[in-house]
Amino acid sequence: MPIPATQIAGLANGINGSRKVKPNNLKKLFTKAFRSTAVKSIFKSKAKRKPPAEIVRRVRFLLEAVDSLDDNVDPSHFDKMEELDSLLHELKAMLYGSNECEPAVDACAQLTQEFFRENTFRLIIICLPKLNLEARKDVTRIVANLQRQPVNSRLIASDYLEANSDLMDHLVCGYDDPGLALHYGTMLRECIRHQVVARYVLNSEHMKKFFDHMQIPEFDVAADATATFKELMTRHKSTVAEFLSENYDWFFVEFNAKLLESGNYITRRQAIKLLGDILLDRSNSAVMKRYVSSKDNLRILMNLLREASKNIQLDAFHVFKLFVANRNKPTDIVNIIVANRSKLLRFFASFRIDKEDEQFEADKAQVVKEIAELEAKGPLFSGELHKFPGTPTASGELYKLPTIPLSRRLT
């Protein structure tokens, strides 16, 4: 691309374009112009770029060098670190493209194939703690993108991760380090896109650790762990249903005690919403029936209905109505509801939301009808189990939680 004549003229004539430039100075101006960033970029853009596979191989070589550094050595002193940073940035640009051009399909396929051919993917995850912040950001985006890159119409990342599942152990344990947690958490959620990876994590001991990760004092880390936990429990429905069926007892003991009954408002709010998403999914119908047959679960839900938070009350209602809609209520469930009938009816009489919602009103009317008509099974225990506030409210924004009309009974 030739340099515009106006630019040359402007340089030759000076800033104001009025005074003449001596021949000696003219040479300096031309030299300065050709050394400028804009002119360099013109010629650089025409320079032949290295093939993607060659860049990946060079990155692998540099990562091996970084990985071999002793723990007491500052990685920033590694003389090739600047080159590694530059190459990682270039790989990210290949995968995501730019404002001027879309990513080249063939280049992305070559890059992806080379990444998973040997141990580059493993090295880039293992070496993350030794990279600077900008390089970590680039690596996070590279790993995320590679999960979605097809090679010959196949996601080869899934096959690689199935054979290298121990990398998921490394990613989950990243939540123990606040400085790395958000990077590793983002990578983990992208890897969970593959059902084989989600199944591995669900069936590992890491699932129990998530209940602690979600209560880490650092808010952003706890929120990231919660996002990953939700992804695990909602993305692959058949795998989740199988997991819950096999791990029902310990899972809901942890879920109830550490999340639904947590002293943290945000934890309770996210947990009750997620519980609704899980139980209202058709794939989990067997789990739902088991959950709504427990008097301990009913106790927790009734307490959540008493919350001062309008949003928690509403999400708790969407789960509570499943207890009422169950045609095969155990005796304990029936008697608890009957013992608290007057309190419950007063509660629902003033249970309102600001936004008009016909489905909500229909569900509430059906719940009230069912409670009013319910008959006790055997003698009732003495005393009322719960005390609801006299004038509860549930105004505020309505969560778009999937609902099940009460007309569709549990059988």
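For THR331, the stated conditions hold: it is out of contact with any helix residue (DSSP H, G or I) (no Cβ under 7 Å at 6 or more places or on another chain) and modelled with pLDDT of 90 or more. Looking at PHE211, is it open to solvent by less than 40 Å² (accessible area, probe 1.4 Å), farther than 28 Å from ASN132 by Cβ and over 19 Å from the mean Cα position of the chain (by Cα)? Answer is no for this residue. Considered as a group, the residues in the stretch 147-166 that are surrounded by fewer than 17 Cβ atoms within 10 Å (Cβ to Cβ) and under 16 Å from SER204 (Cα atoms) include one that is farthest from the chain's Cα centre (by Cα), and that residue is ALA163. All of SER293, SER309 fail the test of being under 27 Å from ALA376 (Cα atoms), free of Cβ contacts under 8 Å to residues at least 60 places away in the same chain and of a type in the set (S, T, N, Q), apart from SER293.
The listed residues are ARG141, ARG136, and the only one of them that is open to solvent by 70 Å² or more (accessible area, probe 1.4 Å), closer than 17 Å to TYR96 by Cα, of a type outside the set (Gly, Ala, Ser) and in contact (Cβ under 8 Å) with a residue 12 or more places away in the chain turns out to be ARG141.
For the residues ILE371, ILE337, ILE353, the requirement of being of a type in the set (Val, Ile, Thr), open to solvent by 20 Å² or more (accessible area, probe 1.4 Å) and farther than 19 Å from PHE255 by Cβ singles out ILE353.
Confirm whether ARG299 is surrounded by fewer than 20 Cβ atoms within 10 Å (Cβ to Cβ) and over 20 Å from SER245 (Cα atoms). Yes: the conditions hold for ARG299. The residue list VAL240, VAL292 contains one member that is β-branched (Val, Ile, Thr), over 25 Å from GLU190 (Cβ atoms) and buried (at least 21 other Cβ atoms within 10 Å of the Cβ), which is VAL292. Counting only residues that are in a helix (DSSP H, G or I), open to solvent by 30 Å² or more (accessible area, probe 1.4 Å) and at pLDDT below 95, the stretch 179-207 holds 1 of them. If the condition is being farther than 14 Å from GLN215 by Cβ and open to solvent by 10 Å² or more (accessible area, probe 1.4 Å), then the stretch 257-275 contributes LYS273, LEU274. The numbered conditions (1) more than 15 Å from the chain's Cα centre (by Cα); (2) in contact (Cβ under 8 Å) with a residue 40 or more places away in the chain; (3) open to solvent by 60 Å² or more (accessible area, probe 1.4 Å) are all true for ASP176 except (2). Here VAL253 clears all of (1) open to solvent by 10 Å² or more (accessible area, probe 1.4 Å); (2) in contact (Cβ under 8 Å) with a residue 12 or more places away in the chain; (3) not hydroxyl-bearing (Ser, Thr, Tyr) except the condition numbered (2). For the stretch 310-325, state whether one or more residues are part of a helix (DSSP H, G or I), open to solvent by less than 30 Å² (accessible area, probe 1.4 Å) and acidic (Asp, Glu). The answer is yes; a qualifying residue exists.
The values are calculated or read from the model by the stated rules, or taken from the named source; none is laboratory data. Keep in mind it's a predicted model, so treat the numbers as computed, not measured. Note that each Cβ is placed from the backbone with ideal geometry, even for glycine, and that neighbours are counted across all protein chains shown. The area values use the complete protein model at the heavy-atom level, side chains included, leaving out ligands, DNA and RNA. Shrake-Rupley method; radii C 1.70, N 1.55, O 1.52, S 1.80 Å.
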